[in-house]
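Working notes, structure below.
Values quoted throughout were computed directly from the atomic coordinates according to the rules given, and no laboratory measurement underlies them. This one's a predicted model, so the numbers in the text were calculated from it and none came from an experiment. Cβ placement follows ideal geometry from the backbone for every residue including glycine, while neighbour counts extend to all protein chains displayed.
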Amino acid sequence: MTVYTRKLFTLAFIREGDKVLLGFKKRGFGQGRWNAFGGKVEPGETTEEGAIREVREEAGVEVVGGVEKVGELEFTFEGDTTLMHVIVYHARGYTGTPTESEEMKPQWFNVDNIPYTKMWPDDELWYPIYLRGGKFRGAFHFRGYDQILSQKLEEVQTL
Ligand SMILES: Nc1nc(SCCc2ccccc2)c2[nH]cnc2n1
């Protein structure tokens, strides 16, 4: 039985009607895949502050009205003792124009045309819950970055 070191991360979604803003990750963890905006929670910041900071840094827009928690995900990888605990947020509003950063190239996608084949394999499982306004808890155990060995996913009423 593996003893994991838990590390906190965020993901934040920006919606505009039937479109959702995603970023193409240009470097680092998850490079080459479209994802919501996020990253490590830094010491001294709350998870909400971390989510808002990542949106600013990666997409160049300012969150307005704060963020609301929509999900919690746990990712583990065979042969690695890190457990990534990802808090998923929805931004209530934003201002500014999405701008490419060193990390991310932002692009709007219609909710019916999410590029799942170019995203993490778990995304197509939990995005539908988020997109219809649900809340979720999930855990995915990976072999490498492409194969899910085991998974848990449930829609919840309260997080
Ligand atoms: N959608 C999604 N995201 C992540 S990592 C998100 C958190 C993160 C961590 C490090 C840098 C930036 C963002 C995943 N990992 C495994 N499946 C996954 N699905």
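Where the alpha-carbon atoms of segment 67-109 are placed on the principal axes, they occupy 41, 26, 17 Å, in descending order. Taking the Cα centre of segment 1-157 as reference, the dipole from Cβ charges on Lys and Arg (+1) and Asp and Glu (-1) amounts to some 120 debye. The alpha-carbon positions of segment 1-74 define a convex hull whose volume is 131 Å³ per residue. The count of lysine pairs in the chain that are at least 8 places apart or cross chains, and whose C-alpha atoms lie under 21 Å apart, stands at 20.
Stokes-Einstein diffusion of segment 1-137 at 20 °C, 1.002 mPa s viscosity, Kirkwood radius from Cα pairs, rounded to a whole number: 141 µm²/s.
Computed from the alpha carbon atoms alone, the convex hull of segment 73-159 holds 133 Å³ per residue. Normalised by the number of residues in segment 11-70, the mean separation of alpha-carbon contacts (under 8 Å, six or more apart) gives a relative contact order of 26 percent.
Scan segment 20-92 for chymotrypsin sites (Phe, Trp or Tyr not before Pro) in coil per DSSP, keeping those whose Cβ has at most 15 other Cβ atoms within 10 Å, and list them by number. Those satisfying the criteria are 29. Toward the positive end of the charge dipole of segment 3-159, with +1 on the Cβ of Lys and Arg and -1 on the Cβ of Asp and Glu, the farthest Cα among 64, 121, 158 is that of 121.
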